[in-house]
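The values are calculated or read from the model by the stated rules, or taken from the named source; none is laboratory data. Fair warning: this is a prediction, and the values are worked out from it, not measured in the lab. Please note: Cβ atoms are built from the backbone with ideal geometry, for glycine as well, and neighbour counts cover all protein chains shown.
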Amino acid sequence: MLSDSEKNLRIIGTQIHYYFICKTKLWLFSHHIQMEQESDLVSLGKLLHEKSYKEEKEYTIDNLISIDFIKKQGCLELHEVKKSRKMKKSHEYQLLYYMYYLKQKKGIENIKGVINYPKIRKKITIDLDESKEKELMDVIADIGNILDMDTPKPQRMKICRKCAYFEFCWV
Ligand code: SF4
């Protein structure tokens with residue numbers, strides 16, 4: 001049987017990302033209700049990655065986390081490539097989760113996270129310090145609570161119009 005901390009580590013990066021965007025979306029996705037349009041967004045992300053970082057190789061670890069590319073510069077650098085900084089909090093926590101996962105499951109301590117925004121030519125560096133690790137634990141615990149509940153009531157937001165679950169929530 002899995003321990004609580006092992007169960008928590010089964011939270012995949014996409015769930016962390018959705019946690020900061022919309023709790024309904026997080027719940028639907030986590031209960032295997034997936035719509036077509038999501039795959040278009042994934043393809044768009046892939047295209048951006050391929051155009052900007054052709055030489056770099058993507059890594060999927062344990063079928064749970066997918067890292068756009070990795071570099072070794074004294075420490076292990078995990079790189080994510082994003083379109084814009086609109087959802088920067090979700091980008092940051094997704095990457096913190098990857099760093100935490102490698103630390104817990106693979107025993108790798110010396111890790112840095114880098115978020116690349118090629119369209120605006122910016123990079124942000126992230127460190128998994130004690131306080132960030134604690135915040136991440138709170139997020140993971142909260143995700144677990146949300147998934148155990150009934151579907152959270154949708155809240156209308158600007159992003160709903162572009163969301164794959166629009167019809168599910170609003171039509
Ligand atoms: S349509 Fe809006 S409320 Fe529904 S899942 Fe998408 S973002 Fe959330």
Cβ-Cβ under 9 Å pairs, at least 6 apart or on other chains, region 124-147 side within 23 Å of Cys22 (Cβ to Cβ), far side surrounded by fewer than 10 Cβ atoms within 10 Å (Cβ to Cβ) = Gly144/Asp4
Find the residue count for region 86-115, including only residues that are farther than 21 Å from Tyr19 by Cα and not in a helix (DSSP H, G or I).
-> 6
Answer from Lys83, Lys153 - the residue that is surrounded by 14 or more Cβ atoms within 10 Å (Cβ to Cβ), touching a residue at least 24 places away in the same chain (Cβ under 8 Å) and part of a loop (DSSP other than H, G, I, E, B) = Lys83
Only one of these conditions is not met by Thr60: (1) modelled with pLDDT of 85 or more; (2) under 24 Å from Leu136 (Cβ atoms); (3) assigned to a loop (DSSP other than H, G, I, E, B). Which number is it?
-> (3)
Scanning region 116-127 residue by residue, the ones that are over 15 Å from the mean Cα position of the chain (by Cα) and not in a helix (DSSP H, G or I) total 7
Which numbered condition Lys51 fails, given (1) modelled with pLDDT of 90 or more; (2) over 14 Å from the mean Cα position of the chain (by Cα) = (1)
Among residues of region 155-169, those that are more than 6 Å from the ligand (Cβ to nearest atom) and within 21 Å of His32 (Cβ to Cβ), counted = 3
Would you be able to say whether some residue in region 116-123 is at pLDDT 90 or above, closer than 13 Å to Gly13 by Cα and of a type in the set (Val, Ile, Thr)?
-> no
Among the residues of region 128-143, is any within 16 Å of the ligand (Cβ to nearest atom) and either over 19 Å from the mean Cα position of the chain (by Cα) or part of a helix (DSSP H, G or I) (or both)?
-> yes
